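We did not get these values from a lab; they are worked out from the coordinates using the rules stated. Computed from a predicted model, the values in this text were never measured in an experiment. So basically every Cβ, Gly included, is an ideal-geometry build from the backbone, and we count neighbours across all protein chains shown.
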Amino acid sequence: MKWEYHVVHLNVDDSSSKSEEASNPEAASEKLKGSLSPDFLKDQFPEQYQEDEGSEHPATQLSKFLNNKGLERWELSEKIKIGKMLFLIMKRQVYK
């Protein structure tokens with residue numbers, strides 16, 4: 001059986017104040033040292049970076065993201081926390 005993997009990186013910030021990165025994909029990309037482009041962040045987390053102030057709770061956004069990945073046959077297999085970074089390791093079977 002062969003597997004392919006997809007890694008999702010989430011920043012975990014324990015502070016209760018809302019940061020600029022929460023609504024600005026350019027600032028978030030800069031904080032990630034350009035490892036994820038602003039366009040990628042807007043594409044993968046559209047609810048987080050929408051123009052409207054009435055955005056959904058991050059848990060709802062993550063649920064939708066994971067449900068979409070599930071439709072693509074990705075399965076959450078592990079989570080790893082390193083400092084303020086949380087990595088979600090997803091896998092799916094390769095049928096080749």
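Find how much the distance from Glu47 to Lys2 grows on full extension, using 0.36 nm per residue of separation minus their present alpha carbon separation; answer in nm with one decimal.
Numbers: separation 45, 0.36 × 45 = 16.20 nm, distance 3.36 nm.
Additional length available on full extension: 12.8 nm.
For Lys64 and Glu30, a Förster radius of 25 Å and the Cβ-Cβ distance give a FRET efficiency of 0.50, rounded to the nearest 0.05.
Go through Lys2/Lys81; Lys31/Lys91; Lys31/Lys69; Lys33/Lys64; Lys33/Lys84 and tell me which ones have a Cα-Cα distance over 19 Å in this structure. Write down the numbers at each step before the final one.
Values: Lys2/Lys81 26 Å; Lys31/Lys91 27 Å; Lys31/Lys69 25 Å; Lys33/Lys64 26 Å; Lys33/Lys84 15 Å.
Going by Cα-Cα distance, Lys2/Lys81; Lys31/Lys91; Lys31/Lys69; Lys33/Lys64 fall outside the 19 Å limit.
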